[in-house]
Amino acid sequence: MGHAIANGLVLIGTGSSVRLDRELDQAVKTMVEVSQAQPLTQRERLHVSAVETFAKGNFSRACELWEQILWDHPTDMLALKFSHDAYFYLGYQEQMRDSVARIYPFWTPSIPLSSYVKGIYSFGLMETNFYDKAEKLAKEALSINPTDAWSVHTIAHIHEMKAEIKDGVEFMQSSEAHWKDSDMLACHNYWHWALYLIEKGEYEAALTIYDNHVFPSLKASGAMLDVVDSCSMLYRLQMEGVSVGERWQEVLPITRKHSRDHILLFNDAHFLMASLGARDSGTTQELLTTLQDASKAPGENCQHLLAREVGLPLCQALVEAENGNPGRVLELLLPIRYRIIQIGGSNAQRDIFNQLLIHAALNCTSGVHKNVARNLLMERDALKPNSPLTQRLIRKAAAVHLLQ
Ligand SMILES: *[C@@H]1O[C@H](CO)[C@@H](O)[C@H](O)[C@H]1NC(C)=O
Ligand SMILES: *[C@@H]1O[C@H](CO)[C@@H](O)[C@H](O)[C@H]1NC(C)=O
Ligand SMILES: [Fe+2]
């Protein structure tokens, strides 16, 4: 189990792949060999098999194996957390929720981590728009353990989705002392805090969070969540017209090392933001070419299979936006916009692609796409009323006579 836990944690972190990292590849092989050389329980065998399957990139099959464990061992935290993260990477929001719903009653208060399970459950509920139920569970968890950064995170998401900017900022401020040292999630919670500030148009304050917390965390850890948070923040600020100075140049050396990984398309899109932002066309080309190659390679890697229809058009759209071809951005993104969820990530994280689509549409002031921005903005406003960011975009659209 030590092998399964260690390898599983590295793989779920999505910072190294068995394709490129020889040490990790060997560690996974060793895990399988060790497991074959001794009598294991069925549960242990499934754990080894699930990690091995995840390493090959067949995430949904790995989830089936973790679920097999949970049928009989509903308090297996490892199977629960690994499947939760893998569903997240797959964009399987309902599975992310239901997987926890099935085992939740077994986590009675005396079982260690039972309050943490409330936070995990609340995240799936929130992503499937059960905001009230999600908030209730996250608050229960926080009343038991105020330092539960996952439950803080769910509440941050709820305020984000409902455009409750003031409440969100106040919540982050009042709870900061409890989660600021929470390892991986601290940086991500700061990212959420900064999103409220971007919504409000307080760009300097957002950049201060970036400079004081998000980027320092990335520099110290190199963790993928910190990478995507950093890229996402800078890209969003840029779309708002904010100059981010030399910050892309600082991010690039960290993302560049991952250009050939192709573990998650979601990560790839964020690496690309960095190489585009830093105007490093060599790195951009390397990422695109190797992603194209991966998409053609045989095997059962779900991300590589999805690259052709979703990942590559999405990456190409980022390139076209940079090259000043907003019409091309629309041609690439409009047909796949309802499939982008398949690259995983949260609704809040993937909103960056919807914002990109709207910004590109705003730049199409004539021709076949001239009313697209207006319609997309109506949709956005209907789903998330009272968003200052949406209101700004609507004013911008009106200014270019797209809205009468
Ligand atoms: C993943 O594994 C399942 C079951 O073994 C298989 O049916 C499926 O085709 C695999 N996925 C991919 C993308 O190959
Ligand atoms: C829209 O046009 C502005 C101004 O030329 C440019 O800075 C921006 O990158 C463009 N955005 C997209 C998505 O096309
Ligand atoms: Fe989040």
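The values are calculated or read from the model by the stated rules, or taken from the named source; none is laboratory data. All of these numbers come straight from a predicted model, not from anything done at the bench. No Cβ is skipped: glycine too gets one built from the backbone with ideal geometry, and neighbour counts run over all protein chains shown. Protein only, heavy atoms only, side chains kept; ligands, DNA and RNA dropped before computing areas. Shrake-Rupley method; radii C 1.70, N 1.55, O 1.52, S 1.80 Å.
Over the stretch 339-404, give the accessible area per residue in Å² for a 1.4 Å probe, as an integer. Display every interim value, and only then the final one.
On the way: 2980 Å² over 66 residues.
The answer is 45 Å² per residue.
Can you give the FRET efficiency for K219 and D293, using 1/(1 + (r/R0)^6), R0 = 25 Å, r = Cβ-Cβ distance, to the nearest 0.05? If you can, show how the numbers build up before the last one.
On the way: r = 30 Å, r/R0 = 1.22.
In this case the efficiency is close to 0.25.
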Q. Three principal axis extents, largest first, for the C-alpha atoms of the stretch 85-220, in Å?
A. 46, 27, 26
Q. For the chain, modelled as a Gaussian network with Cα springs under 10 Å, which listed residue fluctuates most, M96, M273, M184?
A. M184
(Q) On a full-extension model of 0.36 nm per residue, what is the gain between K257 and E202, subtracting their alpha-carbon distance, rounded to one decimal in nm? (A) 16.6 nm
Q) What relative contact order, as a whole-number percentage, does the chain give when Cα pairs under 8 Å and 6 or more residues apart are counted? A) 13 percent
Q | Derived scalar couplings ³J(HN,Hα) [the stretch 225-242; Karplus, 6.51 cos²θ - 1.76 cosθ + 1.60; whole Hz; x for Gly, Pro] | A | 5, 5, 4, 5, 5, 5, 5, 4, 5, 5, 5, 4, 4, 4, 4, 6, x, 8
**Q.** Contact order relative to length of the stretch 233-404, as percent, for alpha carbon pairs under 8 angstrom and 6 or more apart
**A.** 15 percent
Q: Determine how many Å³ per residue the convex hull of the Cα atoms of the stretch 1-91 encloses.
A: 82 Å³
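Tell me the relative contact order for the stretch 107-181 as a rounded percent, counting alpha carbon contacts under 8 Å between residues six or more apart.
Rounded, it is 27 percent for the stretch 107-181.
Compute the Rg to Rh ratio over the stretch 332-379 from the alpha carbon atoms, using the Kirkwood formula for Rh, and round to two decimal places.
Ratio value, two decimals: 1.00.
Would you kindly work out the equivalent ellipsoid of the stretch 175-250 from its C-alpha gyration tensor and give its semi-axes, the square roots of five times the eigenvalues, largest first in whole Å?
Numbers: eigenvalues 73, 44, 16 Å².
They are 19, 15, 9 Å, listed largest first.
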Q: Evaluate the Debye formula for the stretch 107-181 with equal point scatterers sitting on the alpha carbons, no solvent, and hand back log10 of I(q)/I(0) at q = 0.23 Å⁻¹, in q order, two decimals.
A: -0.99
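Based only on Cα atoms, what mean projected area does the convex hull of the chain have, in nm²? Please list the in-between numbers first.
On the way: hull surface 77.5 nm².
If you wrap the Cα atoms of the chain in a convex hull and average its projections, you get 19.4 nm².
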Q) If you find the alpha carbon centre of the stretch 253-274 and of the stretch 94-165, how far apart are they in angstrom? A) 30 Å
Q. ³J(HN,Hα) across the stretch 10-17 via Karplus (A = 6.51, B = -1.76, C = 1.60, θ = phi - 60°), whole Hz, x for Gly/Pro?
A. 5, 5, 5, x, 6, x, 8, 10
Q) Which of the lysines could a cross-linker span from K29 if the Cα-Cα distance has to be under 27 Å and same-chain partners fewer than 8 positions apart are dropped? A) K56, K81, K257, K296
Q. Using a Gaussian network model of the chain with C-alpha springs under 10 Å, which one of A205, A269, A186 is most mobile by mean-square fluctuation?
A. A205
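Using only helices, what value at 222 nm comes out for the chain when you add -39,500 (n - 2.57) per DSSP H run of length 4 or more and divide by the total residues, to the nearest 500 deg cm²/dmol?
Numbers: 23 runs with 287 residues, N = 404.
It lands at -22500 deg cm²/dmol.
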Q) For the stretch 233-404, how big is the tail of P(r) above 26 Å, as a whole percent of Cα pairs? A) 30 percent
Q. Under a GNM of the chain (C-alpha, springs under 10 Å), which listed residue has the highest mean-square fluctuation: D280, D72, D268?
A. D72
Q.
From the alpha carbon gyration tensor of the stretch 211-307, can you work out the equivalent ellipsoid semi-axes (sqrt of 5 times each eigenvalue) and give them in Å, largest to smallest?
A. 25, 14, 11
**Q.** Cα convex hull of the stretch 36-143, projected area averaged across orientations, nm²
**A.** 7.2 nm²
